[in-house]
1. Using DSSP H assignments, which helices in chain A have an axial alpha-carbon span of 27 Å or above and a mean Kyte-Doolittle hydropathy of -1.0 or higher?
2. Project the alpha carbons of the range B:10-192 onto their principal axes and report the range along each, largest first, in whole Å.
3. So what's the range A:131-229 giving for Cα Rg divided by 2.2 N^0.38 Å, two decimals?
4. Would you work out which of A:LEU19, A:THR75, A:VAL137 lies farthest towards the positive end of the dipole of chain A? Charges go on Cβ: Lys and Arg +1, Asp and Glu -1.
5. May I ask what percent, to the nearest 5, of DSSP beta bridges between residues of the protein assembly as shown are antiparallel?
6. Please give, to one decimal in nm, the separation of the simple spin-label points placed at A:ALA262 and A:LYS366, each 7 Å out from Cα toward the Cβ.
7. What does the charge dipole of the range B:130-202 about its Cα centre add up to, to the nearest 20 debye, if the Cβ of each Lys and Arg holds +1 and the Cβ of each Asp and Glu holds -1?
8. Sorting A:MET260, B:MET199 by accessible area (1.4 Å probe), largest first, what list results?
Amino acid sequence: MLLSVLISVGFLLGCGLFLAALLLLAEKKILNYGICRIQINAGRKELEVAGGSSLLTSLAEHNVFIPSACGGRGTCGYCKVTVHEGGGAIHPVEEPYLTPEEIAANVRLACQVKVRRDLDIAIPEELFSVSRYRARVEHKRPLTHDIVELRLKLLDPPALTFEAGQYVQLESAEYKGRESVMRGYSISSLPTETSHIELIIRLVPDGICSTWVFHHLKNHQEVNFSGPYGFFHLADTDAPIICIAGGSGMAPIWSIIRDMQARGITHRPTTYFFGALTQRDLFFLDEFKQIEKDAPWFKFVPALSQEPADSDWTGERGLITDVVNRHFPDASQHEAYLCGSPGMIDAAIAVLQNNGMPEHHIFYDKF
Amino acid sequence: MTPLADMSLLSSFLLIFVSAAFTDNILLARFLGMCSCLGVSKKVDTSIGLGTAVIFVTACTAALNYLVYRYLLVPLGLDYLRLITFIVVIAAFTQFVEMVIERVSEKLYNALGIFLPLITVNCAILGISLFMLNKPYSFLQAFSFGLGGGFGWFLAITLIGAIRERINEATLPRGLEGPGITLIIIGIMALGFIGFSGMIKI
């Protein structure tokens, strides 16, 4: 009896160990791709990486950070790069995220391209200035009932150079069974202050990262982020400006307008429409009043869409797009900067184009 | 003397193949491998990809498990461990094949390799390895049983895929969409396959 138990246990153990050893050996021998060279932007940079892992992680290991919100699972479609040579066939996971034009232009998702041989790729030039930062929370200040301002002191590297309007990707830590994710948040502080950044974060119901910021992140805790990313910044023209934002879309506009003030750009009349539901969703009112006082070229127009009709609110009411429509029936000479939910931005673009604004004068940051 | 032993090698090989593929179709007669069939049979080309991978894996694992059973389990008196041993062997084999395919040919990997992790836990493959022990097969006969069983599964999922592709163009009552209508299709096809069962008895 004892013998048969021993034999069966021994057999199963031996069988499992033998097969596991075989697989490990095979993985070492078969899936060994050696050293592969990655050429980026026609020789701008050349990396030597150990083959076998994804392009996204191989690049990140060498401090080239491609934006990615899902962390390489192929579910966000952000990490697009052009792979001129060595990428192999398109993986079925990638297909839904690529347009036929992108497929023709060899655009791939970096997280789904496995480094098997030498690669020749192209990435946006600005990504070379992206790196990963370690920072400490200096304060977390509520702005409204569901929006906080996060002020981070940079530790390593100690300074960040960016343009007003760009964003960073904040990495949430694991908590209560939710995995670590990266989410993009616009920088709301000024580019002149390189030792700190500020972010404005709205609590998204059941959002992994924003819930972490609201309920788990504490003062003086250390966090990681990468950046700066994005092309959303003030264009170098003389056109008058219309800014439209809602909720935490405040962040890049708040930075851009104060940056204009700091840089002494006074010849471009600027109107900032800020949409919210009720009075309790408004913030920075006093700050903007002060800017209006100091800068005659600037006008702040907050608009509430769900404020009770009998309240003491004397400002604009209605959907932000209707308010913009009333103020600027002719927007053909203006430039527009939009930041907010995709729904708000699409509606705002429709109104502005309808009022004569050319498409290339409209800049936006959807989230 | 079993009737099988009388026959020439080739005809017994063929007979076993045909009976495993048609009269004893693993998907339609035994209803095994249903989960991956329901998931992947939306299109003919993915059905063919998965089906081909199943043919390859069933044939190889049937042979492999035959050897393990005959020369390890039986001599050691561990007959009752066949279920768990077969699972481990199948899982290790599919992992191994996935690695080899990925290394050897990227084209083949994109066509077949991505299905291999799905197959690791496909009950049809385990089923074939277990059913072959019910008959006094030789090594080659076991191999042909695996090959036939895999081919039967391939045939069934390809036919189902073709029917589903056509059905996608039609409007269905909402309650029948997806797995509902697929199970009905499989049921009707299974009825059709009963017709084969009178032909050969093995």
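The values are calculated or read from the model by the stated rules, or taken from the named source; none is laboratory data. This one's a predicted model, so the numbers in the text were calculated from it and none came from an experiment. Because the Cβ atoms are built from the backbone with ideal geometry, glycine has one as well, and the counts that use them run over all protein chains shown. SASA here: full protein model, heavy atoms, side chains in, ligands and nucleic acids out. Shrake-Rupley method; radii C 1.70, N 1.55, O 1.52, S 1.80 Å.
1. A:2-30
2. That works out to 58, 39, 32 Å along the principal axes.
3. For the range A:131-229, the normalised Cα radius of gyration comes out at 0.99.
4. Ranked along the dipole, the leading option is A:LEU19.
5. 60
6. 3.0
7. My answer is approximately 220 debye.
8. B:MET199, A:MET260
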